[in-house]
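These notes concern the structure reproduced below.
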Amino acid sequence: MTAPAVTYLRADGPGGAWTEAAGPALRAGTSVVLYASAGSWSVPDGPGLRALLGRDYERYRAAGHRPAARARFAASRRLVKHAAAAVLDVPADDLELARSPAGRPYLRGCDRLGLSLSHTGDLLVLALILRGAIGADAEALGRSGCRALLAQRACTTYELAHLRALPAPERGDAVLRLWTLKEAYTKALGVGTALPFHTFGFRVEGTAAVLHDDNGEPVRPGEWTFTTHRLGTGHVVSTASARPPGP
């Protein structure tokens, strides 16, 4: 199994090499995953933030009793708008980030750029694709042992058998790879929690994965691309992407 091309770019703050690399990578047909510390995208409250957030400013203000969540919310929206602006060659303040009824973020009036946001701790992750659907999820590796309860709740019988065959020290990270793949897939579908995780699974080889049903049989081969990648920050990031058929 060969992992498809996904370009990972460190994007700590506006400007820098990532702004020049993201657009060409997307136009070449790869997905782009930007990752950054939330602190590098922090912005003080004020007129500039109000203009940047637009309709999201009220959501930002509503989180006032949780300063860390509010700061991360503003940082993530700033990352999205600056990334989209760099790709689309438009001012960041001209872009409006909206959410579907299922909570999936999208750029209003710009359906050719698909995006997915994820965060864990201080890490922000933004996945981008041109003319397609994409989902991404990130988790910190090595935070606990086997994660047996998580596996029992979220994994298929096929996946559980594979996990039991692994050396004990490897099972915790393997569970997180499966979990992030499932999160990424449901985000890309835009269904949220409506699709139970134990009803579908993945076979992971290296940095690629294949979707399976609950009996371990491949599902929709060729339609979806799945990747799982370990960042140098100590996190795993998984993506799910699909492009519509045609030229």
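The values are calculated or read from the model by the stated rules, or taken from the named source; none is laboratory data. Just so it is clear, the model here is predicted, and its values are computed rather than measured. Cβ sites come from the backbone with ideal geometry, for glycine too, and all protein chains shown count toward neighbours. Calculation scope for accessible area: heavy atoms of the full protein, side chains included, ligands and nucleic acids excluded. Shrake-Rupley method; radii C 1.70, N 1.55, O 1.52, S 1.80 Å.
Within segment 39-51, the set of residues being open to solvent by less than 10 Å² (accessible area, probe 1.4 Å) and under 22 Å from the mean Cα position of the chain (by Cα) comprises TRP41 only.
As a summary of the residue check, LEU150 satisfies the conditions (1) in contact with a strand residue (DSSP E or B) (Cβ under 9 Å, 6 or more places away or on another chain); (2) surrounded by fewer than 19 Cβ atoms within 10 Å (Cβ to Cβ); (3) in a helix (DSSP H, G or I) except for the one numbered (1). For segment 194-205, residues that are farther than 25 Å from ALA98 by Cβ and open to solvent by 50 Å² or more (accessible area, probe 1.4 Å) total 5. Pairing each residue of segment 157-174 that is surrounded by fewer than 11 Cβ atoms within 10 Å (Cβ to Cβ) with any residue that is modelled with pLDDT under 95, provided the two are 6+ apart or on different chains, yields C-beta distances under 7 Å for ALA168/CYS146. Total residues in segment 208-224 satisfying the condition of being closer than 17 Å to ALA242 by Cα, touching a Ser or Thr at 6+ places or on another chain (Cβ under 9 Å) and outside any strand (DSSP E or B): the figure is 1.
Put simply, of ALA63, ALA98, ALA74 the only residue that is closer than 23 Å to HIS235 by Cα, open to solvent by less than 20 Å² (accessible area, probe 1.4 Å), modelled with pLDDT under 95 and in contact with a Phe, Trp or Tyr (Cβ under 7 Å, 6 or more places away or on another chain) is ALA74.
Quickly run through segment 219-232 and pick out the residues that are surrounded by fewer than 18 Cβ atoms within 10 Å (Cβ to Cβ) and either out of contact with any Leu (no Cβ under 7 Å at 6 or more places or on another chain) or of a type in the set (Lys, Arg) (or both). Result: ARG220, PRO221, GLY222, GLU223, ARG230, LEU231, GLY232.
Filter segment 176-193 down to residues that are in contact with a helix residue (DSSP H, G or I) (Cβ under 8 Å, 6 or more places away or on another chain) and more than 21 Å from GLY232 (Cβ to Cβ) and give me whichever is surrounded by the fewest Cβ atoms within 10 Å (Cβ to Cβ).
Here the answer is THR193.
Answer with yes or no whether THR19 is open to solvent by less than 50 Å² (accessible area, probe 1.4 Å), part of a helix (DSSP H, G or I) and under 30 Å from ALA208 (Cα atoms). So THR19 passes the test.
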